[in-house]
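Engineer: Quick one: this structure, given as structure tokens, is what I'll be asking you about.
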Amino acid sequence: EDAIESGSLASDCHSGSAPTCKKRAGSVGFSNIRGIVCEHVRRRSKTYTYYKATVVVDALCISSRPKADLAWALDALIVITDIRHRIAAGSQGSKTFEDRVRKAVRETLHEHNVVAEDLGLVFNVTIM
């Protein structure tokens, strides 16, 4: 049985320091890199740490799939941060939010030469 502990968006990067992730039984794992979330998966007697990139624009949360490779998560963060910036930049136009998201995702993935499946893009909407 796997136990997963998820972190949330964390504080700003600490320049020059290695990324850390709190890891205690029953605790939430936080990365010290803004936009990187740690997930601790406990399998039998070992705990594995996975990282995923996450950004939020309005009520839309965009995340990558979790991977054990922090460098991969940082690369994913660059791409999805670019998507977020494009969505926000288009907010002065008359396009709907949905149109801005679709255009931003399409153009950004094309420019970075990746496909959504490579990043394992996940979209969640918060409704309050």
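Engineer: Mark the label point 7 Å from the Cα of ARG65 along Cα→Cβ and return the residues of segment 89-123 whose backbone N is within less than 18 Å of it.
Structural biologist: Correct set: 109, 113-123.
Engineer: A further question follows. Would you kindly state how much longer the chain becomes between LYS103 and ALA116 on full extension, computed as 0.36 nm times their sequence separation minus their alpha carbon distance, in nm to one decimal?
Structural biologist: Working: separation 13, 0.36 × 13 = 4.68 nm, distance 1.33 nm.
That works out to 3.3 nm of additional length.
Engineer: Ignoring ligands and nucleic acids, what accessible area does LEU60 show with a 1.4 Å probe (Å², nearest 10)?
Structural biologist: Approximately 10 Å² of LEU60 is accessible to the 1.4 Å probe.
The values are calculated or read from the model by the stated rules, or taken from the named source; none is laboratory data. Nothing here was measured: the structure is a model prediction, and the numbers come from that model. Note that each Cβ is placed from the backbone with ideal geometry, even for glycine, and that neighbours are counted across all protein chains shown. Accessible surface areas use protein heavy atoms only, side chains included; no ligands, DNA or RNA. Shrake-Rupley method; radii C 1.70, N 1.55, O 1.52, S 1.80 Å.
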